[in-house]
Amino acid sequence: MSTRSTVILGTGSYAPKQILTNEDLSKMVDTSDEWIRARSGIRERRIAAPDEATSDLAVHAARLALEDAGLPASEIDLVIVATITPDYPMPSTACVVQSKLGIKSSAACFDVNAACSGFIYALDTACAMISSGRYKKALVIGAEKLSSVVNWKDRGTCLLFGDGAGAAVVGAGHQSGTGLLGTRLGALGDDTELLFIPAGGSRTPASAKSVAAGDHFIKMKGKEVFKLAVRVMEEAARDILEQHGLSANQIGLVIPHQANLRIIDAIAQYLELPVERFFVNVDRYGNTSAASIPIALDEARRVGRIKRGDVTLLVAFGAGLTYGSALIRW
Ligand code: UT7
């Protein structure tokens with residue numbers, strides 16, 4: 001591990017204007033506001049406009065993060081976008097973002113596909129690249145237009161997902177013991193089919209048949225994923241705390257992936273922390289996959305839930321099945 005510390009210099013987030021409430025959903029599928037709130041804690045989610053792609057959401061969040069950091073886009077030499085809903089299968093959304101922000105051609109730009117853990121994977125990657133001394137300032141973005149891959153006729157999944165983007169500007173720190181203290185990343189690749197999009201890749205390229213079968217939409221075994229999410233996020237949180245000799249009580253704020261309020265409640269209970277110590281906005285956005293943690297991080301900073309010297313724990317779980325946790329001292 002390099003001794004050069006890496007810090008978050010600014011954050012930003014963006015949610016599309018259109019709000020889809022549970023009431024709206026109950027007119028589309030056989031469900032109700034009461035059921036959705038009781039089973040997931042979600043009240044509403046945001047839906048991007050038809051002409052808004054993932055890169056557009058990402059650019060909004062990135063501009064706000066740059067403004068928060070007080071840096072011009074010209075200083076960025078690394079762009080990483082975590083997403084499972086890229087603008088195109090190729091090239092990367094990071095290259096589209098680079099162009100829209102006028103970032104220099106000597107910047108490295110690529111996407112990370114780690115679903116809901118994507119932002120933590122991307123943050124770890126950016127921090128490692130900055131620690132190496134070869135890059136100076138990174139834009140790390142989690143952005144999703146999940147509404148484009150949701151089956152709006154499947155009541156078991158459509159209640160959960162929403163669109164949005166969050167971004168962080170990352171650079172070298174000057175004080176050791178601050179910034180990203182460490183991460184714990186992993187994956188359970190044997191269980192890919194618990195949560196996946198079956199078609200559109202090399203295994204099943206797009207065809208009239210795959211479209212007719214609805215195989216370009218998210219398929220999820222909700223109950224199994226739920227149980228794994230609780231167990232694996234708890235473990236990922238415990239592991240990283242142990243690695244750094246910290247107890248859960250020393251954490252100022254936990255920013256968990258926002259998938260389901262019941263998952264967050266269960267993790268809080270297992271870690272023996274009051275749920276008030278967890279940042280929650282799943283009620284307003286649903287699950288925005290890679291965007292979930294950076295949106296929550298930005299909102300937490302802006303409402304004053306994170307103070308200088310605090311240690312924040314990020315923890316996520318998603319398709320892959322991937323998981324990740326990170327500790328940040330501010
Ligand atoms: O980002 C990380 C990955 N994602 C997650 O972490 C999500 C994890 N899973 C979940 O959040 C939950 O599984 C859901 C909220 C998706 C579903 O809740 P659940 O308590 O696991 O419900 P279920 O799928 O076991 O369904 C229970 C019942 C079923 O009826 P029967 O078979 O008992 O008659 C479903 O058909 O509820 C029914 N149901 C619904 N009813 C009303 C399923 N979805 C709905 C719905 N409205 N939207």
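For residue 227, the lysines whose Cα falls under 21 Å of its own Cα, not counting residues fewer than eight places away in the same chain, are 219.
Normalised by 2.2 N^0.38 Å, with N the number of residues, the alpha-carbon radius of gyration of the chain equals 0.94. Mean projected area of the Cα convex hull of segment 179-329, taken over all directions, amounts to 9.9 nm². In units of the compact-protein estimate 2.2 N^0.38 Å, segment 1-94 shows a Cα radius of gyration of 1.46.
The residues of segment 124-172 expose on average 30 square angstrom of accessible surface per residue, using a 1.4 Å probe on protein heavy atoms. Dividing the C-alpha radius of gyration of segment 6-172 by 2.2 N^0.38 Å, with N its residue count, gives 1.11. Split the accessible area of segment 6-172 by element, probe 1.4 Å, and carbon with sulfur accounts for 52%. Can you send over the carbon and sulfur percentage of the accessible area for segment 179-329, probe radius 1.4 Å, protein chains only? C and S fraction of accessible area: 50 percent. Approximating the spin labels as points 7 Å out from Cα along Cα→Cβ, the residue 238-to-residue 212 distance works out to 5.0 nm. With protein chains left intact and a 1.4 Å probe, residues in segment 179-329 average 44 Å² of accessible area per residue. Going Cα to Cα from residue 136, which lysines come in below 30 Å? Please leave out same-chain ones fewer than 8 positions away. List returned: 100, 104, 145, 307. For the listed peptides 172-183, 103-114, 132-143, a ranking on the average number of other beta carbons within 10 Å per residue, highest first, reads 132-143, 103-114, 172-183.
Most simply put, segment 11-126 has about 45% antiparallel DSSP beta bridges, counting only bridges with both residues inside it. Within the chain, antiparallel bridges make up roughly 70 percent of the DSSP beta bridges whose residues both belong there. When peptides 190-202, 309-321, 68-80 are sorted by average Cβ neighbour count within 10 Å, with the highest value leading, the order is 309-321, 68-80, 190-202.
The values are calculated or read from the model by the stated rules, or taken from the named source; none is laboratory data. On a predicted model such as this, the values are computed, not experimentally measured, just so you know. Here the Cβ is made from the backbone with ideal geometry for all residues, glycine too, and neighbour counts use every protein chain on show. Please note that ligands, DNA and RNA were not included when accessible areas were found on the heavy atoms of the full protein model with its side chains. Shrake-Rupley method; radii C 1.70, N 1.55, O 1.52, S 1.80 Å.
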